[in-house]
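Q: The structure under discussion is supplied below as structure tokens; questions concerning it will follow.
What follows draws every value from the coordinates through simple rules; no lab data is involved. What you are looking at is a predicted structure, and each value in this text was computed from that prediction instead of being measured. FYI the Cβ positions are ideal-geometry reconstructions off the backbone, even for glycines, and counts take in every protein chain you see.
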Ligand SMILES: Cc1ncc(COP(=O)(O)O)c(C=O)c1O
């Protein structure tokens, strides 16, 4: 397929150049995603003994970082005159893709686990997408979506497979470069299920390096829940199978067999990052700490990255003098409320 690119300078970029895979400027269906602020979290920094900044990804239009990917992926599909798509999601990507599909006039079928948080399922429905609730683990929704797409000849527009989605999430890295005036953090700690933000960050920083803007890419660390940790297991040479999956409150990273596992482990190696797993109690503790120490109500999935950062500092993989950036990937109101 011949893909045309627009220059992202057209999207109000200052300075560095990147390109987005959309042939017509008018097909770019932005809802104002991206350009999220970076805020220093001094209280959390004092707690863990490090310099912590967060990029407020929950401030995207549907409340999660997924809007970065959806904006580009759905715009590219619109460019190709696609009118109906199938997607599977733990909730946030489904809500995001439903929103952008509504704007594009594309009919979306979203397959999600029947156990997904109600606010996310309501959000998918309110945008007008057709929700298909699937019993079982997160991966069962993927299987059901693929079967439905194939048997009905509808494009399977998986955000976990589409290269266009990563073209959107890469802007996360370009913004960090722009907003930190080139003084990149030493470490970026990301909650990873399928790796769409993790791989997007790598792509964005790699572009900046290729263009000579930066010499070194920050260490990209991958955090998973102990209940679902295929990437952590692969990175440490341990066996992992779908039978090992246990329930977790971090639904966004509950991906038992991520299709891009090899890519994620390659990026971990190249960026000299570490993968770390965290317990359910650690995730709960950090969700509450973010709220009562910094006034930030974040999803358990996002809290996992803070729990992981504490462990990376404790094990001296991150030194106390290092700078750390943690994306807050999803808004707390979208998930089940924590037990107080
Ligand atoms: C809030 C939140 N954070 C992080 C992730 C992980 O994203 P990915 O599966 O692309 O690694 C998700 C995925 O659903 C999410 O909803």
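Q: Using R₀ = 56 Å, calculate the FRET efficiency as 1/(1 + (r/R₀)^6) where r is the Cβ-Cβ separation of residue 183 and residue 132; round to 0.05. Mind showing how you got there, number by number?
A: Values: r = 46 Å, r/R0 = 0.82.
For R0 = 56 Å, the calculated efficiency reads 0.75.
Q: Pop the C-beta distance of residue 38 and residue 239 into the FRET formula with R0 = 45 Å and round what comes out to the nearest 0.05. List each step's numbers first, then the result.
A: Working: r = 39 Å, r/R0 = 0.86.
The formula returns an efficiency of 0.70 here.
Q: How big is the equivalent ellipsoid of the range 77-174 along its three axes, where each semi-axis is √(5λ) from the Cα gyration tensor, reported in whole Å from largest to smallest? Walk me through the numbers on the way to the answer.
A: Numbers: eigenvalues 76, 50, 39 Å².
Ellipsoid half-lengths, sorted descending, are 19, 16, 14 Å.
Q: Picking from 89, 162, 227, which is most flexible by a Gaussian network model of the chain using Cα springs under 10 Å?
A: 162
Q: Fully extended, how many nm does the chain gain between residue 26 and residue 152 (0.36 nm per residue separation, minus their Cα-Cα distance)? Show your work: numbers first, answer last.
A: Details: separation 126, 0.36 × 126 = 45.36 nm, distance 2.99 nm.
Result for the pair: 42.4 nm of gain on full extension.
Q: Would you mind calculating the gained length between residue 293 and residue 107 on full extension (0.36 nm times residue separation, minus the Cα-Cα distance), in nm to one decimal?
A: Length gained between residue 293 and residue 107: 62.8 nm.
Q: Report the antiparallel proportion of the DSSP beta bridges in the chain as a percent, rounded to a multiple of 5. Please report the intermediate quantities before stating the final value.
A: Values: 8 of 35 bridges.
If I count the DSSP bridges inside the chain, around 25 percent turn out antiparallel.
Q: Here is a follow-up. Starting from the Cα-Cα distance between residue 143 and residue 114, subtract it from 0.36 nm times their residue separation and give me the gain in nm to one decimal. Before the final figure, lay out the partial values.
A: Working: separation 29, 0.36 × 29 = 10.44 nm, distance 1.42 nm.
Taking 0.36 nm per residue and subtracting the Cα distance, the gain is 9.0 nm.
Q: So, one more: Round to a whole angstrom and tell me the spacing of the C-alpha centers of the range 69-138 and the range 213-236.
A: 27
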